Amino acid sequence: MPELPEVESVRRLLTEGRPSLIGTTVDRVEVLRDNVIGGHLLAEQFCQDVQDSVFHEIIRHGKYLFFRLHSARATNNLWMTVHLRMTGRLFLVSDRASKTMYTRLVVHLQQGLALRFDDPRAFGRVWLVEDPAEVIAGLGPDALTVDEDTFLRRLDHHRRQLKPLLLDQSFVAGIGNIYADESLFRAGIHPLKTVADLTVSQRKVLYRAVHDVMHEAVACKGANIDGVFEAGCFPVAVYGRAGLPCRTCGTALVKLRVAQRGTHLCPQCQPIEKVKSLVGGQV
DNA sequence: CACTCTACCTGTGCGC
DNA sequence: TGCGCACAGGTAGAGT
């Protein structure tokens, strides 16, 4: 489940890795499953629009990647936009590398390389926009770079439960189920609490937790979840650890369902007492 | 506005 | 051993 830190790792690898995608030229695009192309674009049109373009840069906002393409034929930039959703992966490989049964899209490059998009669950999408602002307009500030004032100001506009709020990409972009749980644990705040339940100092603690978790996870190149991800080394404290002892206090971690999402927490470190907004029996 | 539900997918892991 | 089924999750869109 790539969230902001995993997506940022992909961006850095494709940009700064050796070889790099930057400066390569699209030879031809191969769509192996039509619904990988999002928006209202037909696969055929997508291939045509991208052909002969040069990759100039990759930017990220939340969990979205935007590849700036420049075509010799057109004066304007075109941005290839990618959302990996649950199981999508991007690789820069030799053009001779063999595909898998999960390969959905191959961008063949003139340099003997290929940008490949593999996705077992086939939830991920690739599409074209003229300006990333079209997409970013619907998103909140990026969770990695949002400053404290902005975060606190945006919190003031809501009275919702914190777990669904953190998952809401229009509030802050980039936090998914794993890092929502990790951030709330780090802050020592129960996920069922609402914004209205928090004091000003608790709101600052929450901001600091989100900030620190995001930066640490990016430095680790993503999470390390019982072998689910091969890359990252960020040690999850609560996600997927229900029944195991809390690393801080030893109490058995608990899994709840909050807003239809599996939600992991330490009942000792994230106390629920004095929360008036809760309906009885939920914990 | 806040929330809930459903659809989209398929590998995994459970119970029987 | 094998079958069926619930489950996992991010987002869009419809409904309450």
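Within the stretch A:13-40, track down each residue that is surrounded by fewer than 15 Cβ atoms within 10 Å (Cβ to Cβ) and either assigned to a loop (DSSP other than H, G, I, E, B) or without any contact (Cβ under 8 Å) to a residue 12 or more places away in the chain (or both). Those that are surrounded by fewer than 15 Cβ atoms within 10 Å (Cβ to Cβ) and either assigned to a loop (DSSP other than H, G, I, E, B) or without any contact (Cβ under 8 Å) to a residue 12 or more places away in the chain (or both): A:Glu16, A:Gly17, A:Arg18, A:Gly23, A:Arg33, A:Asp34, A:Gly39, A:His40. Annotation note: Cβ proximity below 8 Å between a residue of the stretch A:258-277 that is farther than 14 Å from A:Ala242 by Cβ and at pLDDT 85 or above and a residue that is among the aromatic types (Phe, Trp, Tyr) and surrounded by 16 or more Cβ atoms within 10 Å (Cβ to Cβ) (sequence gap 6+ or interchain) occurs for A:Cys269/A:Phe185. Selection of the stretch A:70-100 for residues being under 30 Å from A:Tyr179 (Cβ atoms) and more than 16 Å from DNA strand C (Cβ to nearest atom) yields A:Met80, A:Phe91, A:Leu92, A:Val93, A:Thr100. Residues of the stretch A:133-158 that are surrounded by 12 or more Cβ atoms within 10 Å (Cβ to Cβ), assigned to a loop (DSSP other than H, G, I, E, B) and in contact with a Ser or Thr (Cβ under 7 Å, 6 or more places away or on another chain): A:Leu139, A:Gly140, A:Pro141. Taking the stretch A:120-132 as the range and being on the phi < 0 side of the Ramachandran plot, surrounded by 12 or more Cβ atoms within 10 Å (Cβ to Cβ) and within 15 Å of DNA strand B (Cβ to nearest atom) as the test, the residues that pass are A:Pro120, A:Phe123, A:Gly124, A:Arg125, A:Val126, A:Trp127.
Restricted to the stretch A:247-265, and to residues that are within 16 Å of DNA strand B (Cβ to nearest atom) and polar (S, T, N, Q), which residue is farthest from A:Asp181 (Cα to Cα)?
Within the stretch A:247-265, the subset within 16 Å of DNA strand B (Cβ to nearest atom) is A:255-263.
If we keep only those that are polar (S, T, N, Q) too, we end up with A:260, A:263.
Values: A:Gln260: 14, A:Thr263: 6 Å.
My answer is A:Gln260.
Of all residues in the stretch A:61-107, exactly one satisfies the criterion of being basic (Lys, Arg), closer than 12 Å to A:Val36 by Cβ and buried (at least 19 other Cβ atoms within 10 Å of the Cβ), namely A:Arg104.
If you filter the stretch A:159-189 down to residues that are charged (D, E, K, R) and near DNA strand C (Cβ under 10 Å from one of its atoms), you find that the one that is surrounded by the most Cβ atoms within 10 Å (Cβ to Cβ) is A:Asp181. Kindly indicate the residue of the stretch A:159-192 that is more than 16 Å from DNA strand B (Cβ to nearest atom) and in a loop (DSSP other than H, G, I, E, B) and also farthest from the chain's Cα centre (by Cα) among those meeting that condition. The qualifying residue farthest from the chain's Cα centre (by Cα) is A:Gly188. Listed conditions (1) at pLDDT 90 or above; (2) out of contact with any strand residue (DSSP E or B) (no Cβ under 8 Å at 6 or more places or on another chain) are all met by A:Val126, apart from (2).
For first residues located in the stretch A:210-226 and among the aliphatic types (A, V, I, L, M), partners that are surrounded by fewer than 19 Cβ atoms within 10 Å (Cβ to Cβ) and lie 6+ apart or on another chain with Cβ distances below 7 Å form the pairs A:Ala223/A:Phe229; A:Ile225/A:Gly240. No other residue among A:Leu105, A:Leu32 is within 16 Å of DNA strand B (Cβ to nearest atom) and in contact with a Lys or Arg (Cβ under 6 Å, 6 or more places away or on another chain) apart from A:Leu32.
Considering the stretch A:82-101, the residues that are outside any strand (DSSP E or B), at negative phi and under 19 Å from the mean Cα position of the chain (by Cα) include one that is farthest from DNA strand B (Cβ to nearest atom), namely A:Leu84.
The values are calculated or read from the model by the stated rules, or taken from the named source; none is laboratory data. Model, not experiment: these values are computed from the prediction. Counting neighbours? That spans all protein chains shown, and the Cβs are built from the backbone with ideal geometry, glycine included.
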